[in-house]
1. Could you sort out which of Lys105/Lys207; Lys94/Lys194; Lys174/Lys194; Lys183/Lys207; Lys132/Lys207 sit more than 26 Å apart by Cα distance in this structure?
2. At Glu69 and Trp131, where each label point lies 7 Å from the Cα along Cα→Cβ, what is the point-to-point distance in nanometres?
3. So how far apart, in nm, are the two label points at Arg242 and Val196 if each is 7 Å from Cα heading toward Cβ?
4. If the chain between Phe22 and Glu173 were fully stretched, how many nm would it gain, using 0.36 nm times the residue separation less the Cα-Cα distance?
5. Can you tell me the length gained on complete extension of the stretch Ser10 to Leu185, counting 0.36 nm per residue apart and subtracting the Cα distance?
6. Which value at 222 nm does the chain reach when only helices count, each DSSP H run of 4 or more adding -39,500 (n - 2.57), with the total divided by all residues and rounded to the nearest 500 deg cm²/dmol?
7. Helix by helix, which DSSP H runs in the chain go 18 Å or more along their axis at the Cα atoms and have an average Kyte-Doolittle hydropathy of 0.5 or more?
8. Grab the Cα-Cα distance for Ser93 and Val62, subtract it from 0.36 nm times how many residues apart they are, and report the gain in nm with one decimal.
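Laboratory data are not the source of any read-out in this text; all were calculated from the coordinates shown. Note that the structure is a prediction, hence the values are computed from the model and not measured. Here Cβ is always computed from backbone atoms with ideal geometry, including for glycine, and neighbour counts include all displayed protein chains.
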Amino acid sequence: VYSAEVSPASSRGFLTSFPEVFINSGILLGYVSNYAFSKLPLHLGWRLMLGVGAIPSIFLAVGVLAMPESPRWLVMQGRLGDATRVLDKTSDSKEESMLRLADIKEAAGIPEHCTDDVVQVAKRSKGQDVWKDLLLHPTPAVRHILICVVGIHFFQQASGIDAVVLYSPRIFEKAGITNPDKKLLCTVAVGFVKTVFILVATFFVDKVGRRPLLLASVAGMILSLTGLGLGLTIIDQNHGHRIMWAAVLCLTMVLLYVAFFSIGMGPITWVYSSEIFP
């Protein structure tokens, strides 16, 4: 929400998809650090695996202090002067800043010609009735938007991404990779591929468009999950016999699955949700 409200239109898709980039970068760093700490004694290794996650949080806490407030929130509080200054800093031009301010003022019920630094905002404009308008008495357009947003978030989670990522060591073990170090390296590969393709999506989301990336992502996920299921089924039916090509197929399909998820269903869900609501 914050990224969508602060960023200019020219780079909104790019910036709104950044949370997914950093989430996956964090996952990758977690995999790498886990692999490094796995060499330490058990009583020390798992503590460091958990404790090292506090370091980025410290930098985040410091960075938040320098972040400007959302211009939309400032307008909703009647602080037009502060909102104007933030928009001037975060827009590509003065004209865009004025257009964005005019849109926010219209949504807040503030007259367009009002130029005071501080104004009184009507009670309704502060969002008290937003849930009523969204859930109880939505217009046909808002109802359609709500169905689309809830649907895309539902299918993002129902696609099985968490199961594949969290249980990837089990999948690799099922495929015949039983060495602990090799399993950790495979999970590092999963995190690396996921992060790289998130970056690819970030740079193409504004050039290619949301819909093509999303459709390509879903198609690739279906094919890769089908291949993964086929490989695991063959391995399961030949219990006791190591089938190298099936193991390679499983590893490849896991990597392809997270790659296809990362170019569309992962980041586009958040971009789409932030842009579609009025």
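1. Correct reply: Lys105/Lys207; Lys94/Lys194; Lys183/Lys207; Lys132/Lys207.
2. 2.4 nm
3. 2.6 nm
4. Extra length available between Phe22 and Glu173 comes to 51.5 nm.
5. 59.2 nm
6. -22500 deg cm²/dmol
7. Passing helices, by number: 18-37, 140-158, 180-204, 210-237, 244-260.
8. 8.3 nm
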